[in-house]
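Data block below; observations after.
Read-outs: derived from the displayed coordinates by stated rules, not from any lab. These numbers were taken from a predicted model, which means no experiment stands behind them. FYI the Cβ positions are ideal-geometry reconstructions off the backbone, even for glycines, and counts take in every protein chain you see.
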Amino acid sequence: MARRSRSCLAPSRSALLLIASARSARALAPTPKPYHVHVGAGKLGLSLVVPALADKNHDFAVLDTPKDPAWAGLLEKGRQNIDVLVNDEHVTTLDFHDGLAAASGASLIVTDDVEALGATLARATTVSCSLGPFLNPVMTHLFECASKAGSTDKKTLYCCENDHSAVVALRDELGDRVDVVDCVVDRVSTKRSVDATRGTIRMSCESWGGVIASLDPRINRKKPPPFGEAFGAEVHAPTSHAAAAFLSDRKLQLVNGMHTTLAFSTMRRFNADEPGDLPLGRPRDFDGGELRSWALARCAGLIAAHGVPVIMDAFDAATEQDAFDALEAYARTCLQRFDDAPDDTVARVLGGGVAHRWRGRLAATEGDLARALQSNAAAQRFLQRYADAVDVTRAVSRLVKATRAACELDDARRAQTEEAVAA
């Protein structure tokens, strides 16, 4: 058994008194009262992040800019209480004010005043944001304001953003001053209605409660994220990098990937080799078995890529079957979400490039499935539990083959464009 080494010399009486004094000072130092600041009162922030914050935090502020014309009526009326409703469900009441008063409870602060911004951020013990393309300039400015206001503590920033490369860039920009946590967020929100007369903000979004996954295991081991599940959000705080990678890949495969599958299925339905102005179909418009097969194929690929123990950890599942059931339920939920989603177009979904999406999200899945069925026993057990592996393989191969011409056409047109530019 390993032993701890001991110093040969005992500490002096004066040294012991100094140690005791330091410990007493730490014990008497006041613990900052928890105060969370969320930056960004757009559709994602108000429909997903704010309800999750309202469940977990008594004192918090939602911070936004008066440059957004939606706030004009509230700014004209001045301080008042604002009810936030998501799909007609009341989630919180926000005290609308200028940020210069250290208000308690939940607040909505709409200001560009440097003093108010600095005071608000300096008071924060944790911070989150949902800013989209404004992430880097806004958050660097706000932390500068906090520093000018005398803030010296290292804060944790939960970036509830879809652009993960922007989060990496912000982390590089802020350096050691802030713990920047990348989060997977997912909820489709379609409308924000601000009514200054009634004192309400009404959010319209999908009925599914959404997901927030904090992807920094180091921070998650220190403290739980400031988000709760009472209003339907699924909150994850993985304590291993492997589980965090799985949760990120789960969205990429079963949300982004199935969206792509739906787009190519729509093209095949209309015998089209290019998106044109085709409206995006919904799972109910097709043979439900085929789209379900695609979802199960992607699940099998996830199992082969990440392994059952990691997936059990991510879902906090007691058994392999529990983990399989949780993964299959998530896949079913994704298909239902696409049935209920607002109108969309094939061109928008395949905006990253038809050939690029075909290779990266369609043909790649066919290859992943083939390898999983050949060499991964857990993936095989998963498919045996929910479907016939032969039927799944055939469904995947049919769509890949039927849409290959679209990939080739896009390649040819891209080559022509490059030749024209070079000439």
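Here are the numbers for this structure:
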{"quantity": "Dipole moment magnitude, nearest 20 debye, the chain about Cα centre, only Lys, Arg, Asp, Glu C-beta charged", "calculated": "1620 debye"}
{"quantity": "Segment 136-152 - phi-based ³J(HN,Hα) in whole Hz, Karplus 6.51/-1.76/1.60, Gly and Pro as x", "calculated": "5, x, 5, 6, 5, 5, 5, 5, 5, 4, 5, 4, 5, 7, x, 6, 10"}
{"quantity": "Value of relative contact order over the chain, rounded to a whole percent, pairs C-alpha under 8 Å and six or more apart", "calculated": "13 percent"}
{"quantity": "Taking the C-alpha atoms of segment 36-239, convex hull volume expressed per residue in Å³", "calculated": "105 Å³"}
{"quantity": "Estimated [θ] at 222 nm from DSSP helical runs (n ≥ 4, -39500 (n - 2.57)) normalised by residues in the chain, nearest 500", "calculated": "-15000 deg cm²/dmol"}
{"quantity": "Point-to-point label distance, residue 339-residue 374, nm (Cα→Cβ direction, 7 Å offset)", "calculated": "3.6 nm"}
{"quantity": "Cross-link pairs beyond the 29 Å C-alpha cut-off, checked among 148/223; 148/251; 77/191; 191/401", "calculated": "148/251; 191/401"}
{"quantity": "Candidates 257, 351, 105, ranked by Gaussian network fluctuation over the chain, Cα under 10 Å, top entry", "calculated": "351"}
{"quantity": "Degrees separating the helix 320-340 axis from the principal Cα axis of the chain, which is the longest one", "calculated": "80 degrees"}
{"quantity": "Ellipsoid equivalent to the chain - semi-axes via the Cα gyration tensor, in Å", "calculated": "43, 31, 21"}
{"quantity": "Proxy reagent accessibility, fewest Cβ within 10 Å first, across 216, 88", "calculated": "88, 216"}
{"quantity": "Where only alpha carbons of segment 243-421 are counted, the Rg and the Dmax (Å)", "calculated": "16.6, 59"}
{"quantity": "Extension gain (nm, one decimal) between residue 284 and residue 319, 0.36 nm per residue minus Cα-Cα", "calculated": "9.4 nm"}
{"quantity": "Chain lengthening between residue 239 and residue 420 when straightened (0.36 nm per residue, less Cα-Cα)", "calculated": "60.0 nm"}
{"quantity": "C-alpha long axis of helix 389-402 to longest principal axis of the chain, angle in °", "calculated": "80 degrees"}
{"quantity": "Crossing angle, helix 364-375 versus the chain [Cα axis fit, 0-90 degrees, rounded to tens]", "calculated": "90 degrees"}
